[in-house]
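Report on the structure given below.
The values are calculated or read from the model by the stated rules, or taken from the named source; none is laboratory data. Not measured: the values here are computed from a predicted model. Note: ideal-geometry Cβ built from the backbone for every residue, glycine included; neighbour counts use all protein chains shown. Keep in mind that these areas ignore ligands, DNA and RNA; they rest on the heavy atoms of the full protein, side chains included. Shrake-Rupley method; radii C 1.70, N 1.55, O 1.52, S 1.80 Å.
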Amino acid sequence: MNKFLTLLALVFLLSKASLAQSIVSFKSLGHEDYAIYGMSGAYSFYVKISPLTEIEGSKLVLYFEPSQALLKEHSFINVILNDRPAYSARLSKDSIGKVTINLTKEDLSPDRFLKIQIKTLITITDDICRDLDNPAMWLKVKGYSYLSLLTNSKAGVNNINISNCFDSKRAIVYPSDPTLHDLKAVAWAYARLKKAQNKPILIFEAGQVPDSIKNYIMVGNMAALPDDKKSLVKVTPQTGEGIFYLDKSMVTETDTVTQMINEKGKIVPHKSVSTETVPAEILFVSGGDDDGYEKAITALSNVNILNSTFGDYLLINVAQNTYFKTFDENRSKLTLKQVGGSSDFLSGIGSLKNAYSFKNSDFSFTPKEIEIRFIGSYSGLNPGDRGYFNIYLNGLLISSEKLDASGKLNTSVTINRYQHHKYNTLESEFRFFPTNGECKNSFINFFGEVDVDKSYLESKNPFISNDLSFYQYPEAFNSGTTKIVISKKVAKYTAGAVGEIVFELNNNINANNFPEFAYSDQMPVGDLKKYNIIALLDKDDPLMKEFPDAPIKFNRNFRLYNTEDNKIVYSLSDTVSTGLAQIFYGRSNNATLVLTATGSHQSDAFLAASKSITEQLSTLSSNVCVTDVNSNKYLFNINKSSDNLEYVETKSPITRFWESYNLYILLGILILILLSFLYVRSKVQRSQDLYND
């Protein structure tokens, strides 16, 4: 009997040892404190659950802070997982509430997404008509809410394959002396990872990967892979074959875990040391030779191939991008469904909102004007009811229309280029106020729904300007073929920037921009007119001289001034790590983007420049960007008549000496004048004294 109990205990301990716990806070997923407003509000988001996670036994822990004005015994919180109710309760009297829910397999969607919805029904006066639009009606979901996930270290790696391994990758490793194939592979791996997650992507040269990085993508021809890594690839590609190979293992990792514990009504952080067995995965993108390697890179850029590869390796004999541009793919008209909208049935009283997001790059070209049309239905209004349909763009009301008894919604508004940004948030709102005395019944009588299949955004005509600006990036590169040109001297520093650029070129609803790659010294000058050009160059690269229309000659010593106070904002220096970018039309009206970097941290400088030009810029005309590795950024609009650009070497040595030291010279002259005055005065005073004596 004792032996049997001992055996059971051993089995129990082994099973517990194979399950490791990890804490994933909402904040780490990009969700800060979120306030749900109104009597009946909702907050929802999706979390991708790793195949390593054992969902049975994992937990969702929610912390929330209700408004102090609420009648908590008459207010409710509801949690819905995978569109199924999971928890409902009245609010407690605690200032910070806590909900713990054990997760099950039914809470996951087939593609392993956990959909979390938090819905509230709250009150202040216990009279829904008096509570209408009261600003004190809110409940805040805290960012330190978390998921406690169990990782099955025994069977976890068996569930990992090429199709689902990208969610866990955090870095890309490339050869220390990269070829164009390597940079192209890094670019598409970077774009693929950035599509799959919102965490920073690290890039390392081979041999410089920190021990803390366990999951990464390694690119390189088989002949270029380090021997210790090459031995992990158990399948050898033949000449002309490309390969994806996923190496999987389990390793022990020690980490510090911080949990928020409720102690006497206060949330206090508790730190503990956690030792767990974690997966170590390396996805190799390689080939038997350069031709095979190129096939693997082509397959890497094709999301259909990646998503359908359910094994640990894939040999690639033939690869092509099956995308081709048609009239429909000109993308001048987009439905709200295409930009991620869903048809939500809204009911109640007061404000009923839906939100949608779209980018300028979702269109084939930068739109000058956009028609926004909403089509839907709602319950017809009774005599005396007041109802409106409002449209908000980036938080501003741009249209309001009265509702009527018809119940049919068909309204539109056209916005100009000054109203929409590179990235936009569009909101639709049914706003309903019933006849006096009929408030309570109206909560169940009024409803509204936007038809996202019929509602659309349509670009009326393209935004055309004499000078290209960052506002038009990356859409300016949508038409025609783009060629990425790189200086050999700085090639090893451009991997991250090239990845960011390829991601942006395809960061739209119909990604189909597959740029070609070339070294600057192998680029025929005539091709600069045939292609859209994105050049990442050393500032002394001879190719710099082939861009006569560039706003600034990066290979010359220059200064940039603030036009308001004429103070120097930037001066070219080799000692400071700075990224510089400029965008302009080439000689054949082709889009051209040139990036360069200075200083000892050129990788960071190139990456900073490539990221800065994709941000939500506040001006429509900036064509030069200067940024440093600390993300400080300056934007300029430079043209041939600009007076805020100066080339230092065009001045004589005497002029440059005077501009550098004029204040000191003037100060010295003033001091000499003062000393001379004092000397003469003392002589005069002495003469007067002698005369008086």
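Things to note:
- The stretch between Thr256 and Leu666, if pulled fully straight at 0.36 nm per residue, gains 141.5 nm over its current Cα-Cα span.
- Percent accessible area from carbon and sulfur atoms, segment 465-536, protein chains only, probe 1.4 Å: 43
- Taking a straight line from the alpha carbon of Lys545, these aspartates and glutamates sit under 14 Å away, with near neighbours fewer than eight places off in the same chain left out: Asp521.
- Relative contact order for segment 60-169, counting Cα pairs under 8 Å that sit 6 or more residues apart, in percent: 36
- Full-extension gain in nm, Asp549 to Thr411, via 0.36 nm per residue minus C-alpha separation: 45.2 nm
- Local electrostatic count, Asp94, Cβ distance below 10 Å [Lys/Arg +1, Asp/Glu -1]: +2
- Fraction of antiparallel bridges per DSSP, the chain only, in percent to nearest 5: 85
- Against the main long axis of the alpha-carbon atoms of the chain, helix 2-17 sits at an angle near 40°.
- Correct choice for mean projected area of the Cα convex hull in nm² that was computed from the model, options [x] 33.8; [y] 50.3; [z] 30.1: [y]
- Local electrostatic count, Asp255, Cβ distance below 11 Å [Lys/Arg +1, Asp/Glu -1]: -1
- When you restrict to C-alpha pairs under 8 Å that are six or more residues apart and normalise by the size of the chain, the relative contact order lands at 10 percent.
- Solvent-accessible area per residue in the chain equals 50 Å², computed with a 1.4 angstrom probe and all protein chains kept.
- Adding -39500 (n - 2.57) for every DSSP H run of four residues or longer, then dividing by how many residues the chain holds, sets the calculated 222 nm ellipticity at -5500 deg cm²/dmol.
- Calculated FRET efficiency for the pair Asp467/Lys683, C-beta based, R₀ 51 Å, to 0.05: 0.20
- Other residues with beta-carbon under 13 Å from the beta-carbon of Lys214 carry, at +1 per Lys or Arg and -1 per Asp or Glu, a net charge of -3.
- Across segment 254-297, the mean sequence separation of Cα contacts (distance under 8 Å, 6 or more residues apart), normalised by length, yields a relative contact order of 28 percent.
- Classification of segment 433-541 by its C-alpha gyration tensor yields a prolate form. The axis ratio a/c (a ≥ b ≥ c) is 1.5 or more, and a/b outweighs b/c.
- Degrees between helix 653-692 axis and first principal axis of the chain (Cα, 0 to 90, nearest 10): 60
- Tilt relative to the chain, helix 602-612 - C-alpha long axis, 0 to 90 degrees, to 10: 60
- For segment 179-254, size of Cβ-based charge dipole, Lys and Arg +1, Asp and Glu -1, in debye: 400
- Prolate/oblate/rounded call for segment 234-358, Cα gyration tensor, a/c under 1.5 rounded: oblate
- Of all accessible heavy-atom area on segment 46-173, the percent that carbon and sulfur account for (1.4 Å): 49
- Selection from Ala299, Leu670, Phe26, by position along the positive dipole direction of the chain (Cβ): Phe26
- Available extension along the chain between Ser272 and Ser588 is 107.5 nm, counting 0.36 nm per residue and deducting the alpha carbon span.
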